[in-house]
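Each remark here refers to the structure printed beneath this line.
The values are calculated or read from the model by the stated rules, or taken from the named source; none is laboratory data. It should be emphasised that the depicted structure is a prediction, and the values quoted were computed from it without experimental measurement. Ideal geometry is used to build each Cβ from the backbone, glycine not excepted, and the neighbour counts take in all protein chains shown. Remember, those area values only see protein heavy atoms, side chains included, never the ligands or the DNA or RNA. Shrake-Rupley method; radii C 1.70, N 1.55, O 1.52, S 1.80 Å.
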Amino acid sequence: KKNIFNIPVDFDNFINHPNVNKLSQNEFEISENIILSKNTFISKNHNFLIKKNVKLELNKGAILFIQGDINFEGSNENKIFIKSDGSGSIVFENNNVQIKHVNIENLGSPKIDRYILFGGLNFIKADVVLENISVKNSASEDAINLINSNVFLNNIFLENIQSDAIDVDFGSLKFNKIICKEIGNDCLDISGARTQGVKLIIDKSYDKGLSIGENADVNIMDLLMKNSKIGVAVKDGSVAYIENVESINNDYDFAVFVKKKEYAN
């Protein structure tokens, strides 16, 4: 297969898709359904609004790589749908991202040279707001992968995730209500990130419900963890304050250990 080195050259430009409506030189709108089967790119100076009821489908390994600011503007009555055949994925880089009232199903992970990415949704050095999001049947290593980003999550539901549900690598995270069900690995995996949150509900996480590592600083109120292997793991120089915890039928409720020797106890 052809190696991907230059994304603006090797990917199709999204503004050329027939269902993209140009509002001005740098502003674009999507109000019709879109199916992508080729790698597609949104450049830094192109800003997009995705309107209610739109269905975005990513098949045959298609990657949507977004550097412009983007707003998925669904509503409770008129959601936006993002789905795939198990191979498509989205990457957001160095931009402002708002995704509200969106259902996401069956994404895979991107294959791009110069990047090591494992998520169906990947956010790199982005300012991110995700609200009222449902993610199901993820076929990637991470359903949501947050890298060096500033993130707010509100009312996020994840179910039947192949590996990690939410993977946070550095940056900062604030959240209000995350629910995980049937997670193959970790529900919330935090590495080196400052995290504050309220209401984390975990049911059947087959490795760790909440994993905190690599000098992370975490403060969480209201944690319910049940039917999981390890409820909470704190490791590798991390600090965690967790208040109002309910633990039901886990193999281990809490684990504290050093996994990587380069980090202090």
Study note, to complete from the structure: Expressed in nanometres to one decimal, the distance between label points 7 Å along Cα→Cβ at residue 251 and residue 96 is 4.6 nm
Point to revise | Estimated dipole of region 1-115 in Debye, rounded to 20 [Cβ of Lys and Arg +1, of Asp and Glu -1, Cα centre] | key: 240 debye
Review point. Counting other Cβ atoms within 10 Å, which GluC sites (Glu not before Pro) in region 22-81 have at most 11 and lie in a DSSP loop?
Key: 77
Check your understanding: How much accessible surface area, in Å² rounded to 10, belongs to the heavy atoms of residue 224 with a 1.4 Å probe?
Key -> 40 Å²
**Study point:** Cα-based shape type of region 21-118, given that a ≥ b ≥ c are square roots of the gyration tensor eigenvalues and the cut on a/c is 1.5
**Key:** oblate
Point to revise | Accessible area expressed per residue, region 162-228, with surrounding protein chains retained (probe 1.4 Å, Å²) | key: 34 Å²
Practice item. Mind putting a number on the dipole of region 70-181 about its Cα centre? Charges go on the C-beta only, +1 for Lys and Arg and -1 for Asp and Glu, and I need it in Debye to the nearest 20. Key: 160 debye
Review point. Using heavy-atom solvent-accessible surface (probe 1.4 Å) with all chains present, what is the largest-first order of 20, 9?
Key: 9, 20
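Tell me, in nm to one decimal, what length is gained between residue 150 and residue 53 on full extension, where the rule is 0.36 nm per residue of separation less the Cα-Cα distance?
Contour length minus the Cα-Cα distance gives 32.2 nm.
Please find the FRET efficiency linking residue 23 to residue 215, where r is the Cβ-Cβ separation and R0 is fixed at 30 Å, and quote it to the nearest 0.05.
Using R0 = 30 Å, I get an efficiency of 0.10.
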Point to revise | Cα-Cα over 22 Å, subset of 125/235; 111/260; 199/226 | key: 125/235; 111/260
Review point. Trypsin sites (Lys or Arg not before Pro), restricted to region 199-265: which are DSSP loop and have at most 13 other Cβ atoms within 10 Å?
Key: 259, 260, 261
Study note, to complete from the structure: If each part is reduced to its alpha-carbon centroid, region 104-134 and region 5-25 end up apart, in Å, by 19 Å
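How large a share of the accessible area of the chain, in percent, is made up of carbon and sulfur atoms when the probe is 1.4 Å and the other protein chains stay in place?
Carbon and sulfur together cover 44 percent of it.
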Study note, to complete from the structure: Using a 1.4 Å probe on heavy atoms of the protein chains only, the accessible area for residue 169 in Å², nearest 10, reads 40 Å²
Revision key, fill the gap. Per residue, accessible area of region 4-106 with a 1.4 Å probe, heavy atoms of protein chains only, in Å², comes to 47 Å²
**Study point:** Dipole magnitude (debye, nearest 20) for region 118-265, charges at Cβ of Lys, Arg, Asp, Glu
**Key:** 60 debye
